[in-house]
1. Quick one: is A:G139 over 22 Å from A:R488 (Cβ atoms), of a type in the set (G, A, S) and in a loop (DSSP other than H, G, I, E, B)?
2. Which count do you get for residues in region B:140-157 that are under 22 Å from the mean Cα position of the chain (by Cα), buried (at least 19 other Cβ atoms within 10 Å of the Cβ) and either without any contact (Cβ under 8 Å) to a residue 40 or more places away in the chain or farther than 29 Å from B:V299 by Cα (or both)?
3. When you go through A:S415, A:S433, A:S460 one by one, which is the residue that is over 14 Å from A:P384 (Cβ atoms) and either of a type in the set (G, A, S) or part of a helix (DSSP H, G or I) (or both)?
4. Answer yes or no as to whether A:E217 is away from chain B (no Cβ under 14 Å), among the charged types (D, E, K, R) and more than 25 Å from A:T480 (Cβ to Cβ).
5. Which of the residues that make up region A:463-515 are within 14 Å of chain B (Cβ to nearest Cβ) and in a helix (DSSP H, G or I)?
6. Being crowded, with 17+ Cβ neighbours inside 10 Å, closer than 15 Å to A:V425 by Cα and more than 11 Å from chain B (Cβ to nearest Cβ) is the filter here; which residues of region A:331-368 pass it?
7. How many residues, within region A:411-451, are surrounded by fewer than 17 Cβ atoms within 10 Å (Cβ to Cβ) and at pLDDT below 90?
8. Which of the numbered conditions does A:F297 fail, given that it passes all the others? Conditions: (1) aromatic (F, W, Y); (2) within 14 Å of chain B (Cβ to nearest Cβ); (3) buried (at least 24 other Cβ atoms within 10 Å of the Cβ).
Amino acid sequence: MNSHTYLNRIKEKFAAGVLRIDMPGADRLLLHIQPAQMRLLCQFIFRDLDARYVVSIGVDDRPFSGDFLVLHNFAFDRERLLVSVIVNVSASAPRVESISDIIPAANWGEREIMDMLGVEVTGHPYPKRLVLPDGWPDGLHPLRKDMDWNHVPKDFDVERSFHFDEPPPGCTVIPFGPFHPTLDEPAHFRLYVEGEMVRGCEYRGFMAHRGIEKLAESVMGYNDIPMLAERICGICGCVHSVAYVQAVEAAAKITVPPRAEYMRTIMLEIERLHSHLLWVGLACHIVGFDTLFMQAFRIREPMMWISEKITGNRKTYALCQIGGVRWDITAELKNELRAVLRKLEDEWLDVVEAVFKDKNLQQRTRDVGVADVHACKEMGLLGPVARAAGVDIDARRDFPYAAYDRVEFQVITHSTADVWGRVVVRAKEVFESIAIIRQCLDFMEPGPLQSEIDTELPVSRMGFTSVEAPRGESHHFVITGENNRPRRWRVRAPTYQNLQGVPAMIKDQTLSDMTISLGGIDPCFSCTDRLEIIDIKSGQVRTWTQDELLAEIRQRERGGAGSLP
Amino acid sequence: MSRQLLLQVFVGFYNVLLVLLIAPLAQGVARRVTARIQSRVGPPLLQPYYDLFKLLGKEDLASGVSPALQRFAAYLALTTVLVIACLAPMGMAIPLQGYADAVLLIYLLTLSGISLLLAGLAAGSSYSLLGISREMMTMLTLEPLFAITLVIAGLHGQSFDLATLFSGAIYQTGQMSGWPLSGYLMLGVMLLSFQAFVGRAPFDITEAETEIMEGPLIEYSGPKLALFKYAQMVKLVVFAALFIGLFAPWGSAWLFPFGLLFFWFKVALFIALVTLIAATHARIRMDQAIRYFGKLALVSCAALALAVVGM
């Protein structure tokens with residue numbers, strides 16, 4: 001089935017509801033639809049046409065069209081088609097029907113629309129605050145265009161506390177995070193534990209908000225944003241930077257010179273290599289196997305050095321600009337990179353051989369943190385988590401970008417759907433990445449690194465793209481705008497979806513498995529927490545004595561509200 | 001008589017001072033060995049001494065739900081292992097020979113676990129409570145293994161006297177002379193469970209930093225943490241000495257100082273083995289550990305039955 005067949009089936013069924021259809025390319029489809037039909041259409045696309053849910057996006061388009069926009073993006077992975085279902089929401093009564101009851105994966109996406117844009121999502125099964133901090137005043141929505149990017153709400157209520165759900169009967173509450181040795185970034189899981197068994201949890205994250213999207217939409221320029229995008233994440237920054245420029249390039253129909261595409265591919269794969277090696281190390285550390293943790297970091301280090309030689313930095317490569325890249329690779333560096341890859345391949349072969357034979361490690365990871373095909377579909381799980389469950393998706397193959405259509409590689413899948421499967425997938429992907437970089441080095445021809453852009457970028461065009469980050473598909477959406485900057489830029493990192501799958505993964509497992517299950521998705525909280533505005537004033541300056549804290553905890557354990565902000 | 005007593009007091013001091021002195025060094029060597037396995041340089045050999053001095057010099061904070069209990073638990077942990085040191089052969093006579101027997105040894109081993117339980121109770125955090133529930137389960141399944149070992153040695157040697165136990169009684173056979181099968185079985189069992197007795201990987205479940213953040217020790221800092229760390233270092237040496245005394249006592253009767261040196265050589269080798277195992281294993285889960293200990297318990301029950309019929 002190709003995109004036209006899908007389009008015809010949709011037209012057939014929703015002839016009256018579809019207002020306008022845009023096809024910016026053979027692989028993109030924008031369906032403007034009447035709000036009344038939106039729910040049914042999403043259901044049709046998700047259930048009957050079996051698409052994968054990608055993300056929900058809210059846009060404050062009032063200064064331009066007078067309405068809010070709500071978009072639900074879907075992917076047909078095998079058919080290489082990205083679909084966006086777009087509804088206009090009237091500014092006077094900003095209300096849209098929820099699709100989370102049909103598509104559980106849309107839960108966070110819709111809550112974020114409520115938080116950030118103040119568009120009410122009616123019928124949402126769990127309409128709790130997600131992104132905004134506890135004390136943020138109601139009715140103030142940061143991504144609305146009428147709120148300044150540097151606005152500090154005067155009525156921020158430091159005393160207001162977040163109301164967690166009641167734990168199920170018979171369970172005690174174990175607070176996991178915001179600070180815990182296995183969490184490299186702050187996030188809070190309120191675990192409901194019975195003995196050592198985790199019976200459920202509530203997640204409260206988004207604690208390291210930097211307001212990146214708002215900042216980009218308000219003060220930065222097109223070519224500044226790649227540098228900002230890169231700082232979304234300390235590990236997969238290049239992914240965000242590439243994804244952002246690709247979204248803009250798609251919207252403005254800019255072609256990129258081949259050598260620049262190869263450069264992007266090489267740096268993305270170098271990034272995947274160092275990220276996967278880092279993950280294997282951290283996973284081993286979580287299960288108390290520090291020897292492999294240290295060895296993985298030792299093997300990884302030459303990758304960091306070669307990155308520094310190519311880009312000037314171990315991480316945060318500052319690689320991308322709209323229409324090209326900033327760094328080239330010389331013949332000497334090519335040889336050096338080849339040598340580094342050869343050494344890495346040899347050493348990694350030894351590690352993989354040892355790991356695959358290690359019964360002890362398998363004991364800790366088999367049948368742990370299970371997310372099967374069904375869970376992947378319902379929660380929109382991505383990357384190695386999905387591939388470990390046999391869900392054969394990989395944006396590099398499914399939505400080829402940069403030079404991925406010119407290189408050959410395998411998409412690694414596994415059938416166990418547990419943490420062990422994720423170990424196997426990542427371990428084997430290292431070899432594929434090495435092969436991809438080698439092919440790029442062989443294939444790349446001399447040529448320009450940057451395409452000429454001599455006109456202003458067109459305004460009000462939508463572009464979206466998926467880039468396969470080490471953790472799964474990173475999806476970026478851009479609406480081009482005035483003043484040399486996008487009107488709206490939405491980042492959906494893979495952890496945003498994968499974290500939503502964690503409560504199901506850790507349920508009815510022991511607490512010992514909780515850490516490795518969470519580690520198994522390779523969570524990247526900074527990616528997820530990218531949005532929102534830091535309120536420096538809300539920093540808790542008050543110090544709490546131990547008695548006060550204990551009294552507080554007890555009060556909360558008894559079900560009281562507590563008084564800590 | 002008084003000369004005999006003096007000698008015992010002297011050997012008692014020797015045992016206690018010696019383990020206090022060399023335990024951090026043993027830890028330092030172990031850390032270096034671990035570092036080498038992990039392709040690291042590792043800390044200076046004397047680093048554990050520096051660590052202890054630093055901790056001892058820090059402010060003595062009281063925290064947890066019961067600061068008094070917290071302090072008591074730290075003292076108890078160190079004193080218990082030091083008293084055990086007086087019941088263990090360290091290349092010379094056993095200091096408390098004639099005043100203590102195998103039963104006291106079993107009690108003291110349990111007490112060393114109980115100090116950790118008290119520490120966890122004193123902290124009162126949910127993580128420490130998880131830690132002590134794990135420690136409790138470990139104790140309940142581990143202690144019988146050690147008790148059975150001593151009982152078997154006692155059965156073979158016809159006495160619970162310490163000198164008898166630590167002179168290879170476990171391998172003696174009774175009237176049905178032949179292969180000391182039960183002794184060898186217990187050697188296997190104790191080898192396979194020794195990591196758990198000293199809380200090293202893959203059985204560092206009670207403290208599991210990446211899961212429950214050191215469990216019972218979560219509220220400890222400064223001098224009290226130093227005492228606990230010290231106790232754990234001493235524990236490794238003392239338990240290794242007990243193991244060598246029980247299962248590999250050969251050579252102890254050699255001429256001074258060769259017997260003494262050979263004894264410590266064996267202990268050092270054994271600690272190196274423990275370190276190697278710890279560095280090459282991932283931590284297992286509590287339920288997996290209990291199942292594992294359960295199998296070992298079955299084997300030791302079989303060994304006990306064999307010992308009763310004199311094998």
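The values are calculated or read from the model by the stated rules, or taken from the named source; none is laboratory data. Treat the numbers as computed from the prediction; the structure is a model and nothing was measured. Ideal geometry is used to build each Cβ from the backbone, glycine not excepted, and the neighbour counts take in all protein chains shown.
1. In short, no.
2. 0
3. Numbers: A:S415 fails: over 14 Å from A:P384 (Cβ atoms); A:S433 fails: over 14 Å from A:P384 (Cβ atoms).
Answer to the check: A:S460.
4. For A:E217, the condition - away from chain B (no Cβ under 14 Å), among the charged types (D, E, K, R) and more than 25 Å from A:T480 (Cβ to Cβ) - is not met.
5. Of everything in region A:463-515, those that are within 14 Å of chain B (Cβ to nearest Cβ) and in a helix (DSSP H, G or I) turn out to be A:I506, A:L511, A:S512, A:D513, A:M514, A:T515.
6. A:W348, A:V351, A:V352
7. Here the count works out to 0.
8. (3)
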